[in-house]
1. Counting residues that are over 20 Å from the mean Cα position of the chain (by Cα), which helices (runs of 4 or more DSSP H) fully inside the range 51-166 reach at least 2?
2. Can you name the residue in the range 330-348 that is surrounded by fewer than 15 Cβ atoms within 10 Å (Cβ to Cβ) and of a type in the set (Ser, Thr, Tyr) and is also nearest to the chain's Cα centre (by Cα) among such residues?
3. For the range 124-144, check the following and say yes or no: at least one residue is of a type outside the set (Gly, Ala, Ser), over 23 Å from Val319 (Cβ atoms) and not assigned by TED's automatic domain parsing to the domain that holds Phe284.
4. Select from the range 36-50 the residues that are outside any loop (DSSP other than H, G, I, E, B) and surrounded by fewer than 23 Cβ atoms within 10 Å (Cβ to Cβ) and list them in ascending order.
5. I need every pair where a residue in the range 332-347 that is outside the structural domain of Asn72 (by TED's automatic domain parsing) and within 16 Å of Asp196 (Cβ to Cβ) has its Cβ under 6 Å from the Cβ of a residue that is surrounded by 13 or more Cβ atoms within 10 Å (Cβ to Cβ) and at pLDDT below 95, sequence separation at least 6 or different chains.
6. If I filter the range 281-292 for residues that are more than 26 Å from Thr233 (Cβ to Cβ), out of contact with any helix residue (DSSP H, G or I) (no Cβ under 7 Å at 6 or more places or on another chain) and β-branched (Val, Ile, Thr), do I get at least one hit?
7. Go over the candidates Ala185, Ala189 one by one and state the one that is modelled with pLDDT of 95 or more, of a type in the set (Gly, Ala, Ser) and buried (at least 24 other Cβ atoms within 10 Å of the Cβ).
8. Confirm whether Thr251 is of a type outside the set (Phe, Trp, Tyr), in contact with an Asp or Glu (Cβ under 7 Å, 6 or more places away or on another chain) and over 30 Å from Lys280 (Cβ atoms).
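The values are calculated or read from the model by the stated rules, or taken from the named source; none is laboratory data. What you see is a predicted model; the values in this text were computed from it and never measured. Because the Cβ atoms are built from the backbone with ideal geometry, glycine has one as well, and the counts that use them run over all protein chains shown.
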Amino acid sequence: MRSRLLPTVLSTLLLATALAGCGSDSKESPKTLVVATHDSWAMSKSVLAKFKAETGITVKVRPQGDAGELTNKLVLTKDSPLADGVYGIDNTFASRAVDAGILTAYDAKELPSSAEQYRLTGDAKDDLTPIDYGDVCVNVDDSWFAKKNLTPPKTLDDLAKPAYKGLFVTPGATTSSPGLAFLLATIAAKGDGWQDYWKQLMANDTKITAGWTDAYEVDFTAGGGNGDRPIVTSYSSSPPFTIPKGATEPTTSALLDTCFRQVEYAGVLKGSDNPAGMKKFIDFMVGQDFQEALPDNMYVYPVDSTVKLPADWASYAPVSPHPYSVDPSAVTKNRTTWLREWRDVTSQ
């Protein structure tokens, strides 16, 4: 669901030229706010109508691909911003955006105290405002394992065991943000031994797909298609959406010892036409109306811990008590190397 790296210098230059050319149509009335997002953006019209009623500003959303592609496009078009602001840069790409100087610092009004833990550190503290978070975790089809009378895996190490050969599917780290998040979870868990771990996964017939949709909705046995793999990289919030009609419990579960925490941010783009409008929208996004709508619309957890989650989430979508993490500066420094090494291992 969230990242793509641009393949060549030539394609990068062509993309920059094309995007710079389309940037001019974002220069609209101050009563219109253009927000660049990732493709997973979804928010109810009624919530956005409340923002318009409060400010007189209409929000125009422009999806730009996955989180990584979104960030790359904004960096490439920094001299001619394609929007007024951005939502959807996550903690794996935040430092790239900050280092590229594409953002205008803004200290959001009435930021929930529970959101402080997700803020960037140092001089970049106000460059991006945390809006929501989610745990990327291995999910299992409990019904499949029950029918086979088999014990499902519980840990990352289990995925490499012969008992689960040919049963795991994950989106690729170079083409998907949950795929990248899973790679980072293995790097955090295995340290310098992460490449050996991935060699074990590949030897155990792990399948890699381009994106989350292919992995979950096509290959996963509980994804609604005709998949044959009962273990998948997804989110801790996925299980409630597998509750059958008329039932009260999901058919899947998330393995909370395998999770990497993603945080999504919003920010004001430097040089935009409507920075004041974007600042108002950021304030709205950390407010109660928007925060309460996040779980049902974008399947993520609000940074405001006082927001009541849907009943199914409270029961079946708990966050990981100890998620894996990698310092954003380490991701920035090593991302290219890690992805190259990952490609080398998984393509053998």
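1. Working: elements: 67-76, 94-99, 142-148.
It comes to 142-148.
2. Thr336
3. Taking the range 124-144 first, the residues of a type outside the set (Gly, Ala, Ser) are 125-133, 135-142, 144.
This time we only want the ones that are over 23 Å from Val319 (Cβ atoms), so: 125-127, 144.
With not assigned by TED's automatic domain parsing to the domain that holds Phe284 added as a condition, the list becomes 144.
Yes, the range 124-144 contains at least one residue that is of a type outside the set (Gly, Ala, Ser), over 23 Å from Val319 (Cβ atoms) and not assigned by TED's automatic domain parsing to the domain that holds Phe284.
4. If the condition is that a residue be outside any loop (DSSP other than H, G, I, E, B) and surrounded by fewer than 23 Cβ atoms within 10 Å (Cβ to Cβ), then Lys45, Ser46, Val47, Leu48, Ala49, Lys50 are the ones that fit.
5. Close Cβ pairs (under 6 Å, with a partner that is surrounded by 13 or more Cβ atoms within 10 Å (Cβ to Cβ) and at pLDDT below 95) amount to Trp342/Ala173.
6. The answer is yes; a qualifying residue exists.
7. Values: Ala189 fails: buried (at least 24 other Cβ atoms within 10 Å of the Cβ).
Criteria check complete, one pass: Ala185.
8. yes
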